[in-house]
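Data block below; observations after.
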Amino acid sequence: MVLMSLSEAQRQQLLELAKASIQHGLQTGKPLKIKLADYPAELQEHRATFVTLHVNRQLRGCIGVLEAVRPLAEDISENAYSAAFKDSRFPPLEAHELKDLEIHLSILTPAEPMSFTTEQDLVSQLQPSVDGLILKEGHRRGTFLPSVWETLPKREQFLRHLKQKAGLPPDYWSDNIRIYRYHTESIS
């Protein structure tokens, strides 16, 4: 898995873009539309991203995609707007929250399937604070970004909570479970 290595200026440009899209959303109710030609080639590459928002250290929104479907800069603009205004777990962001808003960007590597024979085999392969995981079982699906390791640092705990997020019991196991691993470049 190769992480994209952005320059500090490009990282800052993406953070500013996320904030601008949120501010634009407050004013217009729509995400900021960008001109891709205004961005360097690295920010025009198709990449999957998540935008996570915190206000006073409390989660305030998190929206993203697991597969690269649009250029990086466009994905950040769309996901920042959606994290602020369309995360169904929270009411839309309000202007007074901007002063305390923390924006965290995650740029994902393409997900790769993991090979394992048992749940213990899978658990032994997990890399805390490094791996993001996608769990698929039938029509159920859940993902945890690598940053979730901060609150669920034990491998077994991480996997149990991921199963719950996918709508499965925490002790569920089946030979049909599919796990995909990805890494992220984090910007905040």
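What follows draws every value from the coordinates through simple rules; no lab data is involved. Since we're looking at a predicted model, the values are computed, not measured.
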Seminar exercise, completed: Restricted to pairs 8 or more residues apart or on different chains, the lysines in the chain with C-alpha atoms under 21 Å apart form a number of pairs equal to 15
Problem set entry | Cα gyration tensor shape for region 8-108, rounded if a/c is under 1.5, else prolate or oblate | prolate
Problem set entry | Cα coordinate range in region 96-138, projected on the principal axes (Å, largest first) | 51, 22, 19
For this session: Measure nothing but the geometry: give the 0 to 90° angle between the long axis through the Cα atoms of 8-28 and the longest principal axis through the Cα atoms of the chain, rounded to 10°.
Result: 70
Exercise. Rg (Å, one decimal) plus Dmax (Å, integer) for the alpha carbons of the chain?
Worked result: 17.2, 52
For this session: Calculate how steeply helix 155-165 sits against the longest principal axis of the alpha-carbon atoms of the chain, using the helix alpha-carbon long axis, and give the answer as 0 to 90 degrees to the nearest 10.
Result: 70
Problem set entry | Angle in degrees between helix 72-85 and the longest Cα principal axis of the chain, rounded to the nearest 10 | 90
Problem set entry | Mean residue ellipticity (222 nm) of the chain, computed from DSSP H runs ≥ 4 via -39,500 (n - 2.57), nearest 500 | -9000 deg cm²/dmol
Seminar exercise, completed: Taking every C-alpha to C-alpha distance in region 112-183 and binning by 10 Å from 0, the per-bin percentages run 21, 63, 16
Seminar exercise, completed: Sequence order, region 89-94: Karplus ³J(HN,Hα) from phi using 6.51 cos²θ - 1.76 cosθ + 1.60, θ = phi - 60°, Hz rounded, Gly and Pro as x, gives 7, 9, x, x, 4, 10
